[in-house]
Amino acid sequence: MKSVLIIGMGKFGHHLCNNLVALGNDVMVVDNEEENVTDLIYKVTNVQIGDCTNPQVIKSLGVGNFDIVFVCIGTNFQSSLEVTSLVKEMGAKYVISKANRDVHAKFLLKNGADEVIYPDRDIAENLAKRCSADHVFDYMELDEDYSIYEIPVLQEWIGHSMKELNLRAKYRINIIGTKQEEKSNILPDPDYVFCQGEHLMVLGKNEDVEKILNKI
């Protein structure tokens, strides 16, 4: 369990908060509009109303006590930049700020953000990738070179084990899970034998996975 502070409770802040709480984290939320946090009063550890561009408000939050501080102000970049800088100056251990554009990310990183996220861009890129490629059921980019793909098992692999196929040496990929009829097998044993109709969770370099997709 981690102690988390979320500043800015728009749609993204709400989704983030609900998921963090569901995973058992200790969450405090802050927004300058009371109506943005009233629905969270009984879900989170603490709710505060205040303008986080004010140093006194940031100081009162004790940002240094949190494992992670999220700055989720998406509509006012100036405010996002000011808050990111302030929470870092006040002792925040790790700051993750939301950005909408690359130029925003550069300024946020220079002014205190340890990490910058692009929720809208990332979702759009992943959806475009999944919908553009044949035989890709799901996709998650790890960095510009590596991703996790959900793909169907190759016909030639059916009835053979991962050890027998020597996938890591031959294809330079790792099978991190299999799925069949909503049943998942995470980190299957090397002796696991592939079955007809199942999906594979493949971790690898994009160019190596694409070579496999061309075989399907």
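Results, tabulated for the structure shown:
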| item | result |
| --- | --- |
| Matching residues, segment 124-143, being assigned to a helix (DSSP H, G or I) and more than 20 Å from Thr178 (Cβ to Cβ) | Ala124, Glu125, Asn126, Leu127, Ala128, Lys129, Cys131, Ser132 |
| Any hit, segment 4-13, residues being surrounded by 22 or more Cβ atoms within 10 Å (Cβ to Cβ), in a loop (DSSP other than H, G, I, E, B) and touching a helix residue (DSSP H, G or I) at 6+ places or on another chain (Cβ under 7 Å) | yes |
| Search result, residues across segment 108-123 that are modelled with pLDDT of 90 or more and either assigned to a strand (DSSP E or B) or surrounded by fewer than 19 Cβ atoms within 10 Å (Cβ to Cβ) (or both) | Leu109, Lys110, Asn111, Asp114, Glu115, Val116 |
| Matching entry among Asn54, Asn65 (being in contact (Cβ under 8 Å) with a residue 60 or more places away in the chain and not assigned by TED's automatic domain parsing to the domain that holds Glu150) | Asn65 |
| Flag if His104 is over 15 Å from Asp208 (Cα atoms) and surrounded by 17 or more Cβ atoms within 10 Å (Cβ to Cβ) | yes |
| Count - residues of segment 186-215 that are surrounded by 13 or more Cβ atoms within 10 Å (Cβ to Cβ), farther than 16 Å from Met140 by Cβ and among the hydrophobic types (A, V, I, L, M, F, W, C) | 3 |
| Filter pass, Ser85 being farther than 20 Å from Val47 by Cβ, part of a strand (DSSP E or B), among the hydroxyl-bearing types (Ser, Thr, Tyr) and touching a residue at least 12 places away in the same chain (Cβ under 8 Å) | no |
| Any chance Ala99 is modelled with pLDDT under 90, in the same structural domain as Gly74 (by TED's automatic domain parsing) and under 18 Å from Cys72 (Cα atoms) | yes |
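The values are calculated or read from the model by the stated rules, or taken from the named source; none is laboratory data. Predicted model only: the values in this text are computed from it and were never measured. Glycine also receives a Cβ, built like all others from the backbone with ideal geometry; neighbour counts cover every protein chain displayed.
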